[in-house]
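The numbers here are math on the coordinates, done by the rules we state, and not lab data. Here the structure is a predicted model, which means the values were calculated and not measured. Using ideal geometry, Cβ is built from the backbone for each residue, glycine included, and neighbour counts are taken over all protein chains shown.
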Amino acid sequence: MIDEMTTVLEPSALPDFVETSYIKDLTNRALCYIGAGFPVHLRGPSGTGKTTLAMHLASRIERPVVMIHGDEEFSTSDLVGGEHGYRIRKVVDRFISRVLKTEEDMVKRWVDNRLTVACKYGFTLVYDEFTRSRPEANNILLSILQEKMMDLPVARDGDEPYLKVHPNFTAIFTSNPEEYAGVHRSQDALRDRMITMDLDHFDYDTELAITQAKSRLTKQDCQLIVNIVRGLRESGKCEFAPTVRGCIMIAKTLKVRKLTPSRANNVFMQMCQDILASETSRVGSKTNQDKVKQIVREIVIQELGSNETVTAAVKVGQNDFHKADAEREIVQENKQKEKSLIEI
Ligand SMILES: Nc1ncnc2c1ncn2[C@@H]1O[C@H](COP(=O)(O)OP(=O)(O)OP(=O)(O)O)[C@@H](O)[C@H]1O
Ligand SMILES: [Mg+2]
């Protein structure tokens, strides 16, 4: 029993988890489907928060969590369990605490694996990037999700060839439809048994809140960074759209280097160009990277333009600091309003 539990996670709240109304809405909808007995499938491009949301949902379900990452090499017996060689037992001698004896008993034994453990004890299964596994390996899930029965390919001595799935068993899947390699089209039969929620890049408030939570940078600097990343995304000219990961990387680097973004200082510009060109081009073609760097350059100059005006206002005098800070907020807010109007 204890051996079986080695891969089980506690359903605990995630550090720095941000819960904006966008996230709350997604969470409530997903929990509603799960409550009605359906597995949920979070599908979306890279960096849209699928894995994080899946873990958050799992923590809200408050049952132990079993996590599996989709893998081309997976076979059904990896998911279900099989004969895994010999048992090695470590024995700590209580009297001579430094002595660690390793005892090997040469008995081949059955090691339950994660999916079996989740089905048997009614845990929450998070199957991340499940479409990376070969469809044959995932076939085992069809009867688990539909008939609530798990076929055991090799029955244990005297056991039934199937396992009844525990009523508390829940499954949360994630997948990325735009991955260019190593993905199998999810089988229709499997997809029919789950409720798919399509995720897109975060809304402005969530992207800003995540950037701030992960970097602990000031709100103003995070707003600037988020505006740059969103500007590049909205340009639609990247091989892969930049994500909140780009925001987090720029913000963390800025924080560590204790830099204030400014036109006079080229370091911020270079940092944005390096990070965003790297994030948006996976093949690494030079022409593509140069194109992205040029777009980033234009956006940064444009964004810093308004920022510089405010920085100048800050210099007027210490007493004006709070006023200038408020003005800076208003400038950013107005910009945001303008953006929302354009979107409408
Ligand atoms: N609600 C949130 N609160 C705090 N951080 C978050 C939240 N959602 C996502 N993040 C952060 O955003 C980044 C991207 O999220 P995540 O890894 O969950 O995306 P993903 O869709 O699974 O991406 P991929 O397809 O590349 O695996 C991570 O650094 C994650 O910590
Ligand atoms: Mg993920």
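Local charge for residue 13 was computed over the other residues whose Cβ lies under 13 Å away, with Lys and Arg +1 and Asp and Glu -1, and equals -3.
Any of 214/258; 24/219; 50/148; 50/255; 219/258; 214/237 with alpha carbons more than 19 Å apart? Name them for me.
Values: 214/258 16 Å; 24/219 22 Å; 50/148 25 Å; 50/255 26 Å; 219/258 15 Å; 214/237 27 Å.
Those over the limit are 24/219; 50/148; 50/255; 214/237.
Our coupling estimate for the range 169-175, obtained by passing each phi through the Karplus curve with A = 6.51, B = -1.76, C = 1.60 and θ = phi - 60°, is 5, 10, 10, 10, 10, 10, 7 Hz, Gly and Pro reported as x. For the range 165-247, the set of chymotrypsin sites (Phe, Trp or Tyr not before Pro) satisfying both a DSSP loop assignment and a count of at most 12 other C-beta atoms within 10 Å is given as 180. Using θ = phi - 60° in the Karplus curve 6.51 cos²θ - 1.76 cosθ + 1.60, the 3J(HN,Hα) couplings for the range 212-229 round to 5, 5, 7, 10, 6, 7, 5, 4, 4, 5, 5, 4, 4, 5, 4, 4, 5, 5 Hz; x is entered for Gly and Pro.
Grab the beta carbon distance between residue 73 and residue 267, set R0 = 30 Å, and tell me the FRET efficiency rounded to 0.05. Walk me through the intermediate numbers first.
On the way: r = 43 Å, r/R0 = 1.42.
Computed FRET efficiency for residue 73 and residue 267: 0.10.
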